[in-house]
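Below is one structure, written out as structure tokens, with a few remarks after it.
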Amino acid sequence: MKTIEILGPPGSGKTTVYRGIRENFQVDFRHHFDFLIYQHEIFKKLTTFMKFLPCRSTKLLSNKYKKKCEFELLVNFMIDNPSYGETIPMVYEAGYGGQKQLIVESYYDKAINYQIANETASGINPYIFDQGFYQLGASLLWRMNESEFNLRAYLESLPRIDLILFIDAPAELCINRQIERNNIVADKANDWGYGRYSAQQDYRRCCELIKNKASNFVDVIEIQNTSSKDDLFKQLIKELDGKVQTDENGFDNLR
């Protein structure tokens, strides 16, 4: 199992799950991306040349090369997933005001991340997505009328992943967690005439719809995050043990 995406409503504990799994495998986005660029012949030659340059020039060259790598990854992703480009106008329309560009940029960033995963992830070094395409799909569905958002076309345009971890919790608990971190996603729906609780419930419904549709072609594990972090990790261990290859330490870091 190479790719795992975490899906769920705001406040359900997605980031907590992401960090727990990432720490267990001791990999993250930077690990995969750095491995990819450092193996490139051009970068090997570049590092030899950069030894003779001032530190600032070295950093500029390195950043410029990373941008070039990101562009190549995006191009490769578009070649491998040609229907992806057809959904960009729909994604753009899901934004409002100045957020339109941010949403499209996020869409491109996710494409780069997926391509990195495709080229570097392995059974014992899986790529974990905390905010991947499926989570973005739930957010877009929440922002738009279902009649305006072609969910089927969106899902069919995405590359296949191996597993979705659907993290869920009651709406009130999710809202309380967001209050603690002073970032209540549901309040963004105030202008739409939603109350906080109703908006949270609707976001969860969108996540569940995405999960149900995706379960036709992706394995899904559902986890209820209603108690302590220790209990959450015990659930993760129980559900993932035997389904995901680990290193010789197994799930010791989660335990």
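The values are calculated or read from the model by the stated rules, or taken from the named source; none is laboratory data. Bear in mind that the values here come from a model prediction, so they are computed numbers and not experimental data. Note that each Cβ is placed from the backbone with ideal geometry, even for glycine, and that neighbours are counted across all protein chains shown.
Scanning the stretch 160-180 turns up at least one residue that is at pLDDT 90 or above and of a type in the set (Gly, Ala, Ser). Residues considered: Glu156, Glu148. Of these, the only one that is out of contact with any Phe, Trp or Tyr (no Cβ under 8 Å at 6 or more places or on another chain), surrounded by fewer than 17 Cβ atoms within 10 Å (Cβ to Cβ), of a type in the set (D, E, K, R) and at pLDDT below 85 is Glu148. Counting only residues that are out of contact with any Lys or Arg (no Cβ under 8 Å at 6 or more places or on another chain) and either among the hydrophobic types (A, V, I, L, M, F, W, C) or at pLDDT below 85 (or both), the stretch 6-16 holds 0 of them. Taking first residues from the stretch 1-15 that are under 15 Å from Leu136 (Cβ atoms) and partners that are assigned to a loop (DSSP other than H, G, I, E, B) and among the acidic types (Asp, Glu), the Cβ contacts under 8 Å between residues at least 6 apart in sequence or on separate chains come to Ile6/Asp130; Lys14/Asp130.
Residue-level check: of (1) among the β-branched types (Val, Ile, Thr); (2) in a helix (DSSP H, G or I); (3) within 22 Å of the chain's Cα centre (by Cα); (4) more than 14 Å from Pro9 (Cα to Cα), Ile179 misses just (3). Residues that are over 30 Å from Asp241 (Cα atoms) and at pLDDT 55 or above are absent from the stretch 17-31 altogether. Every test in (1) crowded, with 16+ Cβ neighbours inside 10 Å; (2) in contact with a strand residue (DSSP E or B) (Cβ under 6 Å, 6 or more places away or on another chain); (3) closer than 12 Å to Ser12 by Cα is passed by Gln200 save one, and that test is (2).
Quick check on Thr3: is it hydroxyl-bearing (Ser, Thr, Tyr), out of contact with any helix residue (DSSP H, G or I) (no Cβ under 6 Å at 6 or more places or on another chain) and either modelled with pLDDT of 60 or more or surrounded by 15 or more Cβ atoms within 10 Å (Cβ to Cβ) (or both)? Answer is no for this residue.
Considering (1) in a helix (DSSP H, G or I); (2) touching a residue at least 60 places away in the same chain (Cβ under 8 Å); (3) touching a helix residue (DSSP H, G or I) at 6+ places or on another chain (Cβ under 8 Å), the lone condition that Pro159 does not fulfil carries the number (1). A residue that is at pLDDT below 85, within 28 Å of Asp187 (Cβ to Cβ) and surrounded by 12 or more Cβ atoms within 10 Å (Cβ to Cβ) cannot be found anywhere in the stretch 37-56.
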